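Each remark here refers to the structure printed beneath this line.
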Amino acid sequence: MTNHQQELALAITPRVGAVLSIPSSMFIISEAISDHQKGKGTAIQRALVGMSVVDVLASFAWGLSTWAVPE
């Protein structure tokens, strides 16, 4: 693997993880909110929503982490 290929792989890898993580966490949030609106919400679901919100923010930051790297 050349140096350029390694740099490209290191630039793309965080974005792939973010693209997979953000929709998954958003689905968890929407399901928990839906249950809460139906009156079936639990304390565990509220904690899960909090963790998912933090995951969305962290994944967004992780996905943008290599964007500002100079060429």
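The values are calculated or read from the model by the stated rules, or taken from the named source; none is laboratory data. Worth saying up front: this structure is predicted, and the values here are computed from it rather than measured. All Cβ positions, glycine included, derive from the backbone under ideal geometry; neighbour counts span all protein chains shown. Remember, those area values only see protein heavy atoms, side chains included, never the ligands or the DNA or RNA. Shrake-Rupley method; radii C 1.70, N 1.55, O 1.52, S 1.80 Å.
Would you mind working out the accessible area per residue for the chain, using a 1.4 Å probe, and quoting it in Å²? List each step's numbers first, then the result.
On the way: 5540 Å² over 71 residues.
I get 78 Å² per residue for this part.
Ranking request for peptides 20-29, 43-52: highest mean number of other beta-carbon atoms within 10 Å first, then the rest in descending order.
Details: 20-29: 15.7, 43-52: 13.7.
Output ranking for 20-29, 43-52: 20-29, 43-52.
Picking from Ala68, Thr2, Leu57, whose Cα lies most toward the positive end of the charge dipole for the chain (charges on Cβ: Lys, Arg +1; Asp, Glu -1)?
So the residue furthest toward the plus end is Leu57.
How large, in percent, is the carbon and sulfur part of the accessible surface of the chain at a probe radius of 1.4 Å?
71 percent
Just the ratio, please: alpha-carbon radius of gyration of the chain over 2.2 N^0.38 Å, N its number of residues.
That works out to 1.50 for the chain.
Kindly state, to the nearest 0.05, the FRET efficiency for Thr2 paired with Ala61, given R0 = 35 Å and r defined as their beta-carbon distance.
Given R0 = 35 Å and the Cβ-Cβ separation, E is 0.75.
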